[in-house]
Amino acid sequence: MCRILFIFLASLLVAGPAGPALATTGSDPFPVHASMRPNVEFWEKVYSAYPSTKGVLHDSKNLAIIYEVIDLAPHGHGSRQVNRRRVEQAKERYQAMLARFAQGTSPTTKIECRVYGMFGPSPTRDAFRQARDDIRCQTGQKDKFLAGLKRSGKYLERLQDIFRNQGLPEDLAYLPHVESSYNYEAYSKFGAAGIWQFTRATGKRFMQVDYAVDERRDPIVASHAAARFLAANHELLGNWPLALTAYNHGPTGMVRALKEKGSYARIFDEYDGKRFGFASRNFYAEFIAARQVAKNYKRYFGNISLDKPVLYHTIEMAGYAPVATIADFFHVGVDEVRRVNPALRPPVFDGQKHIPKGYRLRLPGQAQKMARMSTALPSSLFEQSQKKSQFYRVQRGDTAGKIARRHKVSINELAAANGLSRKATIYVGQNLNIPGPGRKATMVASAAPSRRQNQEVPTLATLKGKVMATALVAERSDAAPVGSLAKWRPQGNPQGMIAAREEERPFVPLVARTAKKRVVATKMPTVADVPRLSPVVVADLSESILSLSVPQDGSELLIPPVEVEPPTPLAAEQQGRRLIAETADLGRKEEMVVAEETAVVVAEAGEASGEINPLVLVGNFDVARLKTVKGSPTGTIQVEVEETLGHYADWLEIPTHKIRTLNHYRFGRAIRYGQELQLPFAKVSKENFEERRYLYHKELVEDFFVAYRVESETSYRVKKGDTLWSLCHDEFELPFWLIKQYNAGFDFHAMRLGSEIKVPVVTEIDADSQVAEVIPVPPAGKSLAKKDAPPAAGLARENLISDNLLI
């Protein structure tokens with residue numbers, strides 16, 4: 001019986017799928033090697049046959065071995081916990097079966113015969129022993145792939161044009177199906193954004209990424225960047241299988257693999273680099289499968305309707321301007337502007353920032369009318385500079401009332417600007433956003449479409465000689481919006497939106513078009529440039545302090561580093577211990593009443609802590625000890641999480657080597673979280689540097705909570721061998737800044753065996769169903785003491801590891 005089953009299974013493998021044949025030779029730039037064919041067929045089924053309510057239990061090394069397809073709970077509150085239990089139970093059954101085979105037990109049941117037959121006519125005990133540890137569950141993606149297919153209709157032809165014009169294969173436009181399911185709002189827990197899932201570090205090499213504009217979220221702009229990045233990968237590595245794998249694994253990592261193995265086929269079959277795991281090995285096979293399904297979607301999904309491209313008119317901003325003012329002038333609603341300009345971040349729409357100078361603003365509506373109106377934009381609508389942002393770091397002795405009065409704002413405004421609820425408590429070391437003048441009015445104005453009542457549409461004769469802005473390219477695109485503080489949700493496209501087709505200019509990213517912006521030239525590495533990385537240093541936490549040290553030169557860093565160094569001890573104040581801010585004068589009854597009425601409380605030391613609002617930043621972003629060194633003003637900072645020397649150089653508008661020289665740092669030497677650095681302030685003021693630094697961290701936090709929210713808390717006790725890298729990326733699967741937010745009094749430099757770390761349980765907002773899906777933290781198999789926690793205040797809004805992730 002078992003032999004008959006084996007022969008039948010073998011015949012199926014030889015016969016292959018009934019779908020269209022995969023191109024493997026000839027002029028196809030995307031060859032399918034024989035050894036990867038089972039992987040391609042596996043992913044083809046994942047994309048086209050199994051919905052997200054199915055889990056495919058399979059061997060992670062040999063994807064032709066599928067043990068079982070199990071039922072999973074639909075996306076919903078707590079579904080991941082339910083599904084985790086189902087997956088673990090199924091894995092345990094097959095692990096026990098394989099363990100028996102490894103001990104020499106022969107199969108007896110029908111299921112055992114089927115599993116045994118998957119390993120060939122004469123399997124070894126070692127094969128079963130290895131397979132026992134290689135069981136993996138892949139969630140089906142048919143429903144998400146279908147949703148992505150429909151979305152892709154808005155952009156696919158435009159993206160194919162972009163790649164074709166760059167001399168690249170137009171089928172690269174199918175890669176976003178793998179990266180994001182063409183989800184324009186996609187955002188990973190480690191900061192990758194948009195349909196191309198650019199990390200912030202890589203994105204800044206090609207696009208504008210700051211607090212007002214994030215061009216990673218614009219499918220058209222990001223596709224130009226992806227074309228440049230992929231072209232550089234191809235030039236470096238020589239073929240598309242390697243270049244596409246480098247999109248996931250990193251160019252430097254693939255250069256290292258190529259030097260060791262010599263070809264993609266051998267890399268796929270044999271390479272076992274430390275970070276070359278399941279995702280990297282399968283990335284190219286996933287692309288081949290996604291291309292196959294997307295190009296032949298009618299065969300898999302029938303006659304479905306794809307979203308249609310929509311034409312817009314585009315102007316280049318001649319200065320800075322409030323979005324409500326521009327929308328008002330063009331007789332369009334602010335929400336309409338938001339919908340077609342996904343690169344504009346929420347602060348532009350809630351009044352914190354202006355639309356920046358040089359930004360190519362898309363205008364929905366009739367193109368000729370918009371072009372005519374754009375030539376009459378009066379200069380009085382524009383400002384000469386961007387709106388400033390202000391923050392305040394809570395000090396010992398502060399009260400909510402004192403902070404508000406010091407900055408001449410009401411406590412209600414202070415609470416609203418920081419998402420503070422009645423139960424929220426602020427602590428020493430937190431950074432409060434200080435609302436600027438006019439923000440409230442701007443938010444009200446942007447809540448509904450604005451229209452001047454008696455404004456006439458200018459005629460051509462009236463507009464003669466009044467050209468204040470240049471009408472640029474009408475781009476065929478439609479963009480899902482970025483989530484805002486007002487819980488803005490994607491809306492359907494208005495009917496009848498049309499625009500004239502205009503002669504297209506060469507694409508230039510905003511970072512290169514904005515006045516006085518420093519554009520850093522990025523040199524792609526050659527094979528000889530690959531650095532030798534130091535091995536991971538796993539500290540014995542019973543004896544030593546711990547930190548993760550990372551090479552810090554911005555564009556010079558191409559892969560996630562893994563070197564660990566112990567830091568120098570920090571003073572108690574620098575460690576950010578959780579010191580509850582003291583009320584300055586408890587006898588002042590009026591101040592206490594104000595604080596109670598507005599629900600902004602600064603608790604005294606020793607009191608029970610209130611709920612934690614992770615949107616309120618924790619960290620020291622101030623510059624201290626200003627002095628003059630060799631005729632140049634110099635200040636001292638404390639390195640915070642997610643920061644690199646490249647960040648400091650960017651904010652200071654200077655080369656990185658100037659910071660290294662000032663601190664006597666050789667090239668390649670890493671900086672560490674918590675250490676002190678000296679910075680020169682000859683070109684950028686201390687205040688501007690602090691603002692840019694604060695907004696960078698604020699952007700990370702706000703973007704995260706557009707896509708996720710905190711459901712509850714768990715706790716984790718540190719084990720021997722833990723590092724900050726392993727805990728955040730492998731154990732918690734959360735960025736360190738979020739862990740730090742929930743452990744304001746925890747000294748990560750003195751982390752020891754048994755230390756308890758608070759870990760938030762994060763809820764992901766499913767992009768297609770808009771149903772919250774709980775992601776339990778940490779992964780299964782770990783002992784956690786789960787405890788209930790109040791919902792975090794201010795969380796109304798709401799897969800890649802960043803190349804520059806720094807702990």
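The values are calculated or read from the model by the stated rules, or taken from the named source; none is laboratory data. Note that the coordinates shown come from a computational prediction; the quantities given were computed from them, not determined experimentally. Methodologically, a virtual Cβ is constructed for each residue, glycine included, from the backbone with ideal geometry; neighbour enumeration extends over all protein chains shown. Ligands, DNA and RNA are stripped out before the accessible areas are found, and what is left, the full protein with its side chains, is counted by its heavy atoms. Shrake-Rupley method; radii C 1.70, N 1.55, O 1.52, S 1.80 Å.
Quick notes on this one:
- Pairs are defined by a Cβ separation below 7 Å, a sequence spacing of at least 6 or placement on different chains, a first member in segment 611-638 that is under 18 Å from LYS683 (Cα atoms), and a second member that is of a type in the set (Phe, Trp, Tyr); the pairs so defined are VAL623/PHE689; PRO633/PHE681; THR634/PHE681; GLY635/PHE681.
- First in segment 369-394 and under 24 Å from PHE689 (Cα atoms), second anywhere and at pLDDT 90 or above and charged (D, E, K, R), Cβ under 7 Å, 6 or more apart: GLN386/LYS353; LYS387/LYS353; LYS388/GLU691; SER389/GLU691; ARG393/ASP622
- Qualifying positions in segment 749-765 - open to solvent by less than 10 Å² (accessible area, probe 1.4 Å) and modelled with pLDDT under 90: MET751, VAL761, VAL762, THR763
Listed here are the residues, each with its yes/no results for (1) touching a Ser or Thr at 6+ places or on another chain (Cβ under 8 Å); (2) part of a helix (DSSP H, G or I).
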position	(1), (2)
PHE268	yes, yes
LYS274	no, no
PHE287	no, yes
GLN292	no, yes
ALA327	yes, yes
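- Hits in segment 24-75 - residues which are out of contact with any Pro (no Cβ under 7 Å at 6 or more places or on another chain), farther than 18 Å from SER280 by Cβ and aliphatic (A, V, I, L, M): ALA34, ALA49, VAL56, LEU57, ILE65, ILE66, VAL69, ILE70, LEU72, ALA73
- Each residue in segment 311-322 was checked for being open to solvent by 20 Å² or more (accessible area, probe 1.4 Å) and either touching an Asp or Glu at 6+ places or on another chain (Cβ under 6 Å) or not in a loop (DSSP other than H, G, I, E, B) (or both), and 3 of them qualify.
- Restricting attention to segment 367-382, the residues being in a loop (DSSP other than H, G, I, E, B) and open to solvent by less than 10 Å² (accessible area, probe 1.4 Å) number 1.
- Residue under evaluation SER280, criteria (1) out of contact with any Ser or Thr (no Cβ under 8 Å at 6 or more places or on another chain); (2) farther than 16 Å from ALA49 by Cα, criterion not met: (1)
- Positions within segment 117-158 being more than 30 Å from VAL178 (Cα to Cα) and either surrounded by fewer than 20 Cβ atoms within 10 Å (Cβ to Cβ) or under 28 Å from the mean Cα position of the chain (by Cα) (or both), in sequence order: GLY120, PRO121, SER122, PRO123, THR124, ARG125, ASP126, ALA127, ARG129
- Condition met for VAL221 (assigned to a helix (DSSP H, G or I), of a type outside the set (Phe, Trp, Tyr) and either at pLDDT below 95 or crowded, with 18+ Cβ neighbours inside 10 Å (or both)): yes
- Selected residue (criterion: farthest from HIS354 (Cα to Cα)) from residues of segment 399-410 that are open to solvent by less than 20 Å² (accessible area, probe 1.4 Å) and modelled with pLDDT of 85 or more: ILE403
- Residues that are within 24 Å of TYR696 (Cα to Cα) and either of a type in the set (S, T, N, Q) or open to solvent by less than 80 Å² (accessible area, probe 1.4 Å) (or both), drawn from segment 383-398: GLN384, SER385, GLN386, LYS387, SER389, GLN390, PHE391, TYR392, ARG393, VAL394, GLN395
- Residue in segment 195-204 that is modelled with pLDDT under 95 and farther than 21 Å from LEU695 by Cβ present: no
- For segment 337-366, filtered to residues that are open to solvent by 10 Å² or more (accessible area, probe 1.4 Å) and in contact with a Gly (Cβ under 8 Å, 6 or more places away or on another chain), the residue that is nearest to GLU185 (Cα to Cα) is GLN352.
- For first residues located in segment 737-754 and under 22 Å from VAL616 (Cα atoms) and among the polar types (S, T, N, Q), partners that are outside any loop (DSSP other than H, G, I, E, B) and open to solvent by less than 10 Å² (accessible area, probe 1.4 Å) and lie 6+ apart or on another chain with Cβ distances below 7 Å form the pairs ASN743/ILE757.
- Tabulated pairs, segment 660-676, first surrounded by 15 or more Cβ atoms within 10 Å (Cβ to Cβ), second basic (Lys, Arg), C-beta under 8 angstrom, 6+ apart or interchain: ARG660/ARG666; ARG660/ARG669
- Scanning segment 134-171 for residues that are modelled with pLDDT of 95 or more, of a type in the set (D, E, K, R) and not in a helix (DSSP H, G or I) yields ASP134, ARG136.
- Helices (runs of 4 or more DSSP H) lying entirely in segment 1-109 (those with 3 or more residues that are at pLDDT 75 or above, open to solvent by less than 40 Å² (accessible area, probe 1.4 Å) and among the hydrophobic types (A, V, I, L, M, F, W, C)): 37-48, 79-102
- Test: residue in segment 107-129 that is touching a strand residue (DSSP E or B) at 6+ places or on another chain (Cβ under 6 Å) and of a type in the set (D, E, K, R): no
- Residue in segment 55-68 that is of a type outside the set (A, V, I, L, M) and within 27 Å of the chain's Cα centre (by Cα) present: yes
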